[in-house]
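Sending over a structure as structure tokens; questions will come in a sec.
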Amino acid sequence: MNIDEGYMRIALNLALKAEGLTSPNPLVGAVIVRRGRIIGKGYHQRCGLPHAEINAIRDAGPKKLKGATLYVTLEPCDHFGRTGPCTEAIINSGIRKVVIGMKDPNPINNGKGIRKLKRHGIKTVVGVLESRARELNKPYIKFITRKMPYVTVKVAESLDGKIATRTGDSKWITSEDSRHFVHQLRARVDAVMVGANTVLRDDPLLISKTSVHKQPIRVIVCGKRKMPPSSRIFLKTDISPVLLADSKKGMVDLRKLLKELAKLGVMHVLVEGGGELIGSLVREKLVDRFLFFIAPKIIGGKHAVSPVGGDGVAKIRQAVNLENIKLKKFNKDILIEAEVA
């Protein structure tokens, strides 16, 4: 690992501190180094607040910046949005070199910030730990380039692939450790989505018990189904709104729904069931990532509930292929994380 990669790694770790809090903005971290010593650190903490570069510049102080090097995970902006352009602050600071993780995919800025810095004589290096920087902001990249949220599907199932018994009982298949991780995950996304049957069968609340900063929007894909006003999901609407997606035709246009959520600034959606909703999302090729929590239990029975509903594929060659497989263990459970190829 070279020196630039070492400082960029620190910037990437700083960016993660705000995971789930910056939407619809990206996660960004910044480190300022002068004469081999870190003199300033910063990260983008929340949408509307100063960007990572500004926080790092303020942390360093104006007297130390002349001739310093700025490491930032994403290309500095060169446009007026909720805040002013970071390029101007960098140019005026006395910083003489900027090392960037990745170019900003936002068409408004894409390459513009880099060109501005170079025109003002600031040495600019782009692409240091770029794959890590892109991994950090996959939801933002999809959101800003396709106007669609990144979709993660979470499944809690038995070893034989069942999410509920033949009577619909599903509490609890996975361990408390796994469920705690899911609460942390809810705090890092913008919306949690479920189908009508999940609400009627499980009566979930769908908030994060671990978050003190924010709660995800809760989305119910109803179709023609009516939701009982007494359902627990309608509690705590003061801290987390509930959106009902219905349709006179019965079937909700999921692609259109996701586009409408993107217009509301929803960058990352966590889908928690049920099988018919997940099956429809898979059929429409709307899923980006799967999280399968597998518990060492056998439920059995041909009428027990499976995680992916619908008709499925007719031929193995039509199956959804997954890549970038990651494994993690929670107590006795195993988490398999995979992205759609």
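The values are calculated or read from the model by the stated rules, or taken from the named source; none is laboratory data. In this text, all values refer to a predicted model and were calculated from it rather than measured experimentally. So basically every Cβ, Gly included, is an ideal-geometry build from the backbone, and we count neighbours across all protein chains shown. Note: areas computed on protein heavy atoms with side chains; ligands, DNA, RNA excluded. Shrake-Rupley method; radii C 1.70, N 1.55, O 1.52, S 1.80 Å.
Tell me which residues, restricted to segment 138-174, are open to solvent by less than 30 Å² (accessible area, probe 1.4 Å), hydroxyl-bearing (Ser, Thr, Tyr) and part of a loop (DSSP other than H, G, I, E, B).
SER170, THR174
Regarding segment 242-261, can at least one residue be identified that is in a loop (DSSP other than H, G, I, E, B), farther than 15 Å from ALA196 by Cβ and hydroxyl-bearing (Ser, Thr, Tyr)?
no
Identify, please: which residue in segment 211-230 is touching a Lys or Arg at 6+ places or on another chain (Cβ under 8 Å) and of a type in the set (S, T, N, Q) and is, among those, modelled with the highest pLDDT?
That would be GLN215.
Among the listed residues GLY29, GLY101, GLY6, GLY40, which satisfies the condition of being within 25 Å of PRO216 (Cα to Cα), at pLDDT 95 or above and open to solvent by less than 30 Å² (accessible area, probe 1.4 Å)?
Result: GLY29 is the single residue among GLY29, GLY101, GLY6, GLY40 that is within 25 Å of PRO216 (Cα to Cα), at pLDDT 95 or above and open to solvent by less than 30 Å² (accessible area, probe 1.4 Å).
Yes or no, residue by residue, for (1) within 18 Å of the chain's Cα centre (by Cα); (2) touching a residue at least 60 places away in the same chain (Cβ under 8 Å):
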{"position": "ILE173", "(1), (2)": "no, yes"}
{"position": "GLU176", "(1), (2)": "no, yes"}
{"position": "HIS183", "(1), (2)": "yes, no"}
{"position": "ALA187", "(1), (2)": "yes, yes"}
{"position": "GLY195", "(1), (2)": "no, yes"}
{"position": "PRO204", "(1), (2)": "no, yes"}
{"position": "PRO216", "(1), (2)": "yes, no"}
{"position": "CYS222", "(1), (2)": "no, no"}
{"position": "LYS236", "(1), (2)": "no, no"}
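Residue under question is GLY113, and the condition is that it be touching a helix residue (DSSP H, G or I) at 6+ places or on another chain (Cβ under 6 Å) and farther than 30 Å from ASN324 by Cα; does it hold?
In short, yes.
From the residues in segment 96-137 that are of a type in the set (A, V, I, L, M) and in a strand (DSSP E or B), which one is nearest to the chain's Cα centre (by Cα)?
The residue in question is MET102.
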